[in-house]
Amino acid sequence: MGVGIEALFTSALGLQAPWSVEKVELDTARRRIDFELTCEATRLPCPHCQAAGQGVHDRLKRQWRHLDFFQYEAWLHADVPRIACTACGKTTQMDVPWAREGSGFTAPFEALALSLC
Ligand SMILES: [Zn+2]
């Protein structure tokens, strides 16, 4: 068996562990491509105080608009872990490598939008 389409898009999107593409859905009628991303780690550093190996409290569903793939509108979807930290006592959402905190767009999409202004 060769490299699966999920592994192919994991590299195409520049994702690194613990993130990878779990599912790709192409909707030709709506001209949309949707990527389901997954974070495999169950213990992560606290985004607030950087304490290592903290437990995942829960996961919140989020989505981001990404650069088009040819004529397809591309969207990323992920359940982003919130980390419950025993060191600082805060529960903080993990930063995702492809977007700024709180943004609904991926960083490459924001860069393109800015260049078109
Ligand atoms: Zn902490």
Would you be able to say whether some residue in the range 31-44 is of a type in the set (D, E, K, R), within 16 Å of the ligand (Cβ to nearest atom) and exposed (fewer than 13 other Cβ atoms within 10 Å of the Cβ)?
-> yes
Taking the residues in the range 9-21 that are surrounded by fewer than 16 Cβ atoms within 10 Å (Cβ to Cβ) and without any contact (Cβ under 8 Å) to a residue 60 or more places away in the chain as candidates, determine which candidate is farthest from the ligand (Cβ to nearest atom).
-> Ala12
Show the residue pairs that are 6+ apart or on different chains and have beta-carbon atoms under 9 Å apart, the first residue being within the range 41-62 and touching a residue at least 24 places away in the same chain (Cβ under 8 Å) and more than 16 Å from Val96 (Cβ to Cβ), the second being hydroxyl-bearing (Ser, Thr, Tyr) and part of a loop (DSSP other than H, G, I, E, B).
-> Ala51/Thr86; Gln54/Thr86; Gly55/Thr42; Gly55/Thr86
Of the residues that sit in the range 71-97 and are in contact with a His (Cβ under 6 Å, 6 or more places away or on another chain) and not small (Gly, Ala, Ser), which one is farthest from the ligand (Cβ to nearest atom)?
-> Leu76
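Read-outs: derived from the displayed coordinates by stated rules, not from any lab. No experiment lies behind these values; they were computed from the predicted model shown. Glycine also receives a Cβ, built like all others from the backbone with ideal geometry; neighbour counts cover every protein chain displayed.
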